[in-house]
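Okay, structure first, notes after.
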Amino acid sequence: MQRVRLHDKDFELFIPESEVNAAIDRLAGELRVRYNGKRPLFIGVLNGAFFFAAELVKRLDIECEITFVKVASYHGTRSTGKVSELIGLNERIEGRHVVVLEDIVDTGNTVRYIMDALNEHHPASVSIAALLFKPDAYTQDIPIEHVAVRIPNAFVVGSGLDHDGLGRNLPGIYKIINSGQ
Ligand code: IMP
């Protein structure tokens, strides 16, 4: 499928499934070298990372654990402004090698929040592995050490990523077609 319409927006195929798979193969190789023998704990960030997490860990023939968290954002009082909360982390991470699995890193605000929340529990190390990274949109100084695919600053769906709930099940990555083009 070359084109797809989700709600009121049109998307076109940008990265075919075979290329996404090849990029995840390469990333799995990188992580195997770094974490073999360290029993890493992979923490997938829901909802978007369900696809990437499954595809990545099935390629990793090393001893590891996997769990998932959710970042809930809501508006607090006027003085606290926007408040985020990390939901679902039941594992003890003190002294563990942790790898955060993100579907996409855009501004990096989510990564910043998750890193700060995890570091309070004194893990041995924390790194980020992302299926997609938009370097031109990134505003943080935390290194995104493991990236499957770097993309330009455009809105994309597929392979776990959605537009208002739709598109997560699309194989490959689709890019929005800007109206007016
Ligand atoms: P952040 O700006 O790095 O905090 O990105 C936070 C979240 O925004 C990601 O985890 C995605 O859920 C969502 N997001 C950012 N860019 C895109 C996109 O191109 N498509 C779909 N979701 C996106």
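The values are calculated or read from the model by the stated rules, or taken from the named source; none is laboratory data. Computed from a predicted model, the values in this text were never measured in an experiment. Note: ideal-geometry Cβ built from the backbone for every residue, glycine included; neighbour counts use all protein chains shown. SASA here: full protein model, heavy atoms, side chains in, ligands and nucleic acids out. Shrake-Rupley method; radii C 1.70, N 1.55, O 1.52, S 1.80 Å.
Can you tell me which residue among 100, 57 is within 18 Å of residue 144 (Cβ to Cβ) and under 14 Å from the mean Cα position of the chain (by Cα)?
Only one candidate passes the filter, namely 100.
Which number in (1) hydrophobic (A, V, I, L, M, F, W, C); (2) out of contact with any Asp or Glu (no Cβ under 7 Å at 6 or more places or on another chain); (3) surrounded by fewer than 16 Cβ atoms within 10 Å (Cβ to Cβ) marks the one condition that residue 137 misses?
Of everything listed in (1) hydrophobic (A, V, I, L, M, F, W, C); (2) out of contact with any Asp or Glu (no Cβ under 7 Å at 6 or more places or on another chain); (3) surrounded by fewer than 16 Cβ atoms within 10 Å (Cβ to Cβ), residue 137 misses just condition (2).
Can you go through 31, 41, 13 and tell me which one is in contact with a Lys or Arg (Cβ under 6 Å, 6 or more places away or on another chain), buried (at least 17 other Cβ atoms within 10 Å of the Cβ) and not small (Gly, Ala, Ser)?
Being in contact with a Lys or Arg (Cβ under 6 Å, 6 or more places away or on another chain), buried (at least 17 other Cβ atoms within 10 Å of the Cβ) and not small (Gly, Ala, Ser) holds for just one of 31, 41, 13, which is 41.
How many residues, within segment 90-115, are away from the ligand (no atom under 13 Å from the Cβ) and surrounded by fewer than 17 Cβ atoms within 10 Å (Cβ to Cβ)?
Selection size over segment 90-115: 5.
Taking into account only those residues within segment 150-181 that are touching a Phe, Trp or Tyr at 6+ places or on another chain (Cβ under 6 Å) and either of a type in the set (Ser, Thr, Tyr) or farther than 11 Å from residue 11 by Cβ (or both), which is farthest from the ligand (Cβ to nearest atom)?
150
Of the conditions (1) surrounded by fewer than 21 Cβ atoms within 10 Å (Cβ to Cβ); (2) within 20 Å of the chain's Cα centre (by Cα); (3) of a type outside the set (Asp, Glu), residue 20 clears all except one; give me its number.
That leaves (1) as the condition not met.
For segment 140-149, name all the residues that are open to solvent by less than 70 Å² (accessible area, probe 1.4 Å) and away from the ligand (no atom under 11 Å from the Cβ).
Across segment 140-149, the qualifying residues are 146, 147, 148, 149.
List pairs: first residue in segment 45-60 and basic (Lys, Arg), second residue assigned to a helix (DSSP H, G or I) anywhere in the structure, Cβ distance under 6 angstrom, at least six positions apart or on different chains.
The qualifying pairs are 59/28.
Could you list, in sequence order, all residues of segment 115-157 that are among the aromatic types (Phe, Trp, Tyr) and within 22 Å of residue 172 (Cβ to Cβ)?
133, 155
Are any residues in segment 10-48 in contact with a strand residue (DSSP E or B) (Cβ under 8 Å, 6 or more places away or on another chain) and within 12 Å of residue 148 (Cβ to Cβ), and if so, which ones?
Within segment 10-48, 15, 19, 20, 23, 24, 26, 27, 30, 31 qualify.
Checking residue 119 against (1) near the ligand (Cβ under 9 Å from one of its atoms); (2) open to solvent by 60 Å² or more (accessible area, probe 1.4 Å), which test does it fail?
Residue 119 satisfies every listed condition except (1).
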